[in-house]
1. Within region 210-228, how many residues turn out to be in contact with a helix residue (DSSP H, G or I) (Cβ under 8 Å, 6 or more places away or on another chain) and not in a loop (DSSP other than H, G, I, E, B)?
2. In region 335-348, is there at least one residue being surrounded by fewer than 21 Cβ atoms within 10 Å (Cβ to Cβ), free of Cβ contacts under 8 Å to residues at least 24 places away in the same chain and at positive phi?
3. Taking the options 391, 359, 414, 426, name whichever one is modelled with pLDDT of 95 or more and closer than 28 Å to residue 150 by Cβ.
4. What residue, of 480, 496, is outside any helix (DSSP H, G or I) and either under 25 Å from residue 124 (Cα atoms) or at pLDDT below 95 (or both)?
5. In region 560-570, how many residues are in a loop (DSSP other than H, G, I, E, B), buried (at least 24 other Cβ atoms within 10 Å of the Cβ) and touching a strand residue (DSSP E or B) at 6+ places or on another chain (Cβ under 7 Å)?
6. Which residue pairs have Cβ atoms closer than 9 Å, lie 6 or more positions apart in sequence or on different chains, and pair a first residue in region 555-568 that is closer than 11 Å to residue 521 by Cα with a second residue that is at pLDDT below 95 and not in a loop (DSSP other than H, G, I, E, B)?
7. What is the residue count in region 435-455 for residues that are more than 16 Å from the ligand (Cβ to nearest atom) and surrounded by fewer than 17 Cβ atoms within 10 Å (Cβ to Cβ)?
Ligand code: BGC
């Protein structure tokens, strides 16, 4: 029998470093860990030598990032960017999208500016660069940090080839409310899974060695707690206890910083009344003093200027000063830093040492990236979606699909996987043959022309046994018109000048198509350009446009229906879950969308994804997440599919809907079945002092045997949850504290072990200090947050 031990993430590196420095942290507390990438003596000597030569204007220049091609120019716009760069007044540029353009500015910076300081070029590389992979929420559904690392590697290599050494990625904001459109860029609702993904992104982009020619510096965003915008409305205020902030929301940023993140991006939102882009608590106290971060912080787009609207300063001088002094080293877009900082230093309102420190942090990253030694980018061959890139995109996408439901149909059995000899298949839906939509939100350098749609992929397999109908448009009414305006090629396969097709007629055609087939595959979801990503909050979480009507009409034909959901957020799938027997959540899968979805439909790939985010029964449940705090009136069924007892009143429950998720966190089926034995624990009791001992080593190991009891091979994500049953501060009813992807042949069994120690068992007490108290931990192991196989640990 095989044994798989899950190593508690990222425990060793900081300890080795600290041991090297000769001391270890006091019980329970974390201590700053220097980033070896930025801490070398030689690198810092070069930075200091350069800083000494710089004028105030040159130093301030390093703090400014401008947008090539954007309307608003720097300062009073009297100079071109070329002139600004030649004068050494530009630290970074975005909006430069290929090697040729980057070299154009870099030659000026390096050859014409007085001190030859290279420009740091940046762009949003979110889920791949030229090669578009599944969206980040989908990648989290793989529960495979290696998948995120692969995507980051491809992204980094392709970005570097375009002259970009800095990416505005990863987004590690915890997102517990799918009304917020940016949930698509997140790893979902959970800090443990989110931290694992955050580390993987950083490792993939930076490779623990920024100087490698195919490494890029990350910008971990959006610091902090941007995902907790009230009511899911983008840019809205965030208001939460410091305990929740630290225990849930800050965790993935901390993981990213510990993994060596070179830069962070400060957020648009306020946090308990203080904007994230002028927040001394998050930017200086937590980030630098507690975590020892020695990279630099860039503001989000114009977030410094927006401080005026946050009403924390009436004029440019004040808001720019507040941002800089709080710890925002570089301003993205806008030009406040470039215009109002230097005069304030000259007037004695800002100490020059503040500017020096910000410039120092930025220069450190530039040196670490090797930009001073290798400033230019080889202008190589044009990008191509090579077989290697396609194979990676297809493999990664295959790991992200979540089989939500696959109930047997009378007389037919489970619809999925579909037999290769399937007779006539009707493929229906506005996402069945839409290249652009498969890229998903934030695919800035992605090109729809590389996308294989589901229609193409199914045609390769089925030939003339495939029937197709578009069924309806993705958006209707005013939304459809807006989409036409911003992206004329997206909405229709045909000519954008034609009128938007009539949904009622398209639905009727689709019904006729379904009637001619033996099974219908519906590819439905959410429009991604107008309805997903930044500034795309929604209060209705159904399919966009007339897709729900289309689904209902096709289901009414009585033909067996397989629903493939393509969307970047949890949608409300209640009607579908009640009426469709097979549902595959496929997110926005990237350029190999069609092939990857077809692989899953025909069973060449057995779905293994698990939800990183709870799917609601109704929007009114949001924010809905499994790791809720207990109440004094716990209702039954919060974490199970047990229907609410209608007679139960005066409990923490809804009167018109169940509390539980429709599909809970961690949920995902397979074409095989897995069974879990009773978990074991290496010791049932441990003294609290042992858990608190310096070094934070694991104190117990939980083991479980997992068996594939079905007839095909499959991969299970084994999940471990704990509940701290009695503590001085309420603890969540369940918390994920370990997971492992385990591949099993039919009949095969593996033993999986999860170490637990301080890192998994701690919480923040009323003094907002991480600690462990005597208590009993309930521990569950299983295939979702509903896991029932249970053991426990007594901490005395
Ligand atoms: C977004 C960031 C992004 C930046 C640059 C902002 O609007 O919030 O996530 O990195 O734009 O494109």
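1. So the answer is 7.
2. Yes, region 335-348 contains a residue that is surrounded by fewer than 21 Cβ atoms within 10 Å (Cβ to Cβ), free of Cβ contacts under 8 Å to residues at least 24 places away in the same chain and at positive phi.
3. Details: 359 fails: closer than 28 Å to residue 150 by Cβ; 414 fails: closer than 28 Å to residue 150 by Cβ; 426 fails: closer than 28 Å to residue 150 by Cβ.
Just one listed residue meets the conditions, 391.
4. Details: 480 fails: outside any helix (DSSP H, G or I).
The unique qualifying residue is 496.
5. Residues in region 560-570 being in a loop (DSSP other than H, G, I, E, B), buried (at least 24 other Cβ atoms within 10 Å of the Cβ) and touching a strand residue (DSSP E or B) at 6+ places or on another chain (Cβ under 7 Å): 2 in total.
6. 560/409
7. So the count comes out to 2.
A quick yes/no check of all residues on (1) part of a loop (DSSP other than H, G, I, E, B); (2) within 13 Å of the ligand (Cβ to nearest atom); (3) surrounded by fewer than 24 Cβ atoms within 10 Å (Cβ to Cβ); (4) within 26 Å of the chain's Cα centre (by Cα):
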residue: 277; (1), (2), (3), (4): no, yes, no, yes
residue: 282; (1), (2), (3), (4): no, no, no, yes
residue: 286; (1), (2), (3), (4): no, no, yes, yes
residue: 293; (1), (2), (3), (4): yes, no, no, yes
residue: 298; (1), (2), (3), (4): no, yes, no, yes
residue: 310; (1), (2), (3), (4): yes, no, yes, no
residue: 314; (1), (2), (3), (4): yes, no, yes, no
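The values are calculated or read from the model by the stated rules, or taken from the named source; none is laboratory data. Source: prediction; values computed, not measured. We place every Cβ from the backbone using ideal geometry, glycine too, and count neighbours over all the protein chains shown.
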